[in-house]
Amino acid sequence: MAHLVAGHAAQALASLSPSQLAFLQKLPKAELHAHLNGSIPFPVLQQLATDFQSRSPGSGDPNDATGFTAPGALPDHVRAGIQRLQDGVVLNEIHDFFGLFPAVYALTSTPSALRHATRAVLEHFLEPQSDNGGYPQAAYLELRSTPRETPAMSRMQYIETVLDEVERYPPERAALIVSLDRRMDSRVAAECVECAVKLREAGRHVVGVDLCGDPKAGNMNEFEEHFRKAKAAGLGVTLHIAETPECPSPETLQLLSFKPDRLGHATFLDDAAKQIVHTDEMCIEICLSSNLLCKTVPSLDAHHIRYYIGHDHPVAVCTDDILPFRNSLLGEYALLMARPPLGLGLTEAEIEKIAKMGMDSRFR
Ligand code: 6MZ
């Protein structure tokens, strides 16, 4: 499905020569950091809103238990959220970002809606696209999502619904990471990990667990045992870490002590943390457009990817949330290639090496 690319990524894409573009389109890329509810193509979100409006309790749909009684009515916060996404999200700071999700969540809270959204996200990343030279955006996708209990489904049903869609692709192409939101209470986080472990043991394609959500929220003391359990069961662990300058250094060191395999963002690591990251060779999932739009990084020139490339440290270039950020995996790679100040001005050989680092950092 064609996807509107805007902002920094679009400018970088537009600056490339046809041969540079062809090189990037052909390059096998791994998407390792994409949040399901943040990656729904906007036209699909609009369709989900239409479907939502046409449903009502008692309509005969056994999956429908959203609790909204007026057919045709879209709750105000959902309407406002969709409008914001349509207009183009402008953030003053990253904490504004998390307020976008209640609107999206309202539209993916039944198994059928979640299935529809998941299929569209998988298609966006994995199906060949005519406006991408006939190539898919990604050769491989590790999609992540936070299991939600709704009136229509349990957390286990949530994960199974997403997994059923993921497993329509072979394991070499797609896998699932179960996210724990920092706002979750410990009982819920334990349930999510238990589900992930159970499904993995049953041979399902769950490959890891993630820590995500508002960096200001949550008490990480309560999360340690959950990540240790996941690791002991052979699941990969990736943690959003040091995403904002306010993330306290003791918390960062505590998260690193969980021995994650990969780190999301890792924008504000101090020297002690960097030392651990180098020693343990933790891959850094880099989301350039996301960091610029959330204003955690002022410019590409100041972006921490430069440090990691300079130290030959593994990175994986990813999109994070194409719905609000209007980027694409191709656009993120265009940011690596475009000449400064539009991009980092890396050579084809350097970009090929980065793409390979992403492929090599997959969870198995
Ligand atoms: C931290 C993020 C995020 O899991 O419901 N999420 N968490 N930092 C980010 N960078 C900007 N982008 C998305 O997808 C949506 C959830 O992913 C997390 C948020 O917790 C958001 O609610 P799922 O599919």
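The values are calculated or read from the model by the stated rules, or taken from the named source; none is laboratory data. All values derive from a computational prediction rather than experimental measurement. Cβ atoms come from the backbone with ideal geometry, glycine included; neighbour counts cover every protein chain shown.
Here are a few things to note about the model shown:
- LEU143 within 13 Å of the ligand (Cβ to nearest atom) and not polar (S, T, N, Q): yes
- Condition check for VAL188: in contact with a Lys or Arg (Cβ under 8 Å, 6 or more places away or on another chain), over 26 Å from ASP360 (Cα atoms) and at pLDDT 95 or above: yes
- The C-beta contact set for the range 336-364 (first residue closer than 17 Å to SER19 by Cβ, second residue surrounded by fewer than 19 Cβ atoms within 10 Å (Cβ to Cβ) and among the small types (Gly, Ala, Ser), distance under 6 angstrom, 6+ apart or interchain) comprises ALA338/SER15; ARG339/GLY345.
- Residues that are buried (at least 17 other Cβ atoms within 10 Å of the Cβ) and assigned to a loop (DSSP other than H, G, I, E, B) within the range 100-147 comprise THR108, SER109, THR110, GLN129, TYR135, PRO136, GLN137, ALA138, ALA139, THR146, PRO147, listed in sequence order.
Rundown of residues vs (1) under 28 Å from HIS8 (Cα atoms); (2) within 16 Å of the ligand (Cβ to nearest atom); (3) at pLDDT below 85; (4) in contact with a Gly (Cβ under 9 Å, 6 or more places away or on another chain), yes/no style:
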| position | (1), (2), (3), (4) |
| --- | --- |
| GLN46 | yes, no, no, no |
| PRO57 | no, no, yes, yes |
| ASN63 | no, no, yes, no |
| PHE68 | no, no, yes, no |
| ASP76 | no, no, no, no |
| VAL90 | yes, yes, no, no |
| TYR105 | yes, yes, no, no |
| THR108 | no, yes, no, no |
| ARG115 | no, yes, no, no |
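- Screening the candidates ALA202, ALA302 for the property of being at pLDDT 95 or above, loosely packed, with under 14 Cβ neighbours inside 10 Å, over 21 Å from the mean Cα position of the chain (by Cα) and closer than 20 Å to GLU332 by Cα yields one hit, ALA302.
- Residue within the range 157-167 that is in contact with a helix residue (DSSP H, G or I) (Cβ under 6 Å, 6 or more places away or on another chain) and either more than 13 Å from the ligand (Cβ to nearest atom) or closer than 24 Å to GLY7 by Cα (or both) present: no
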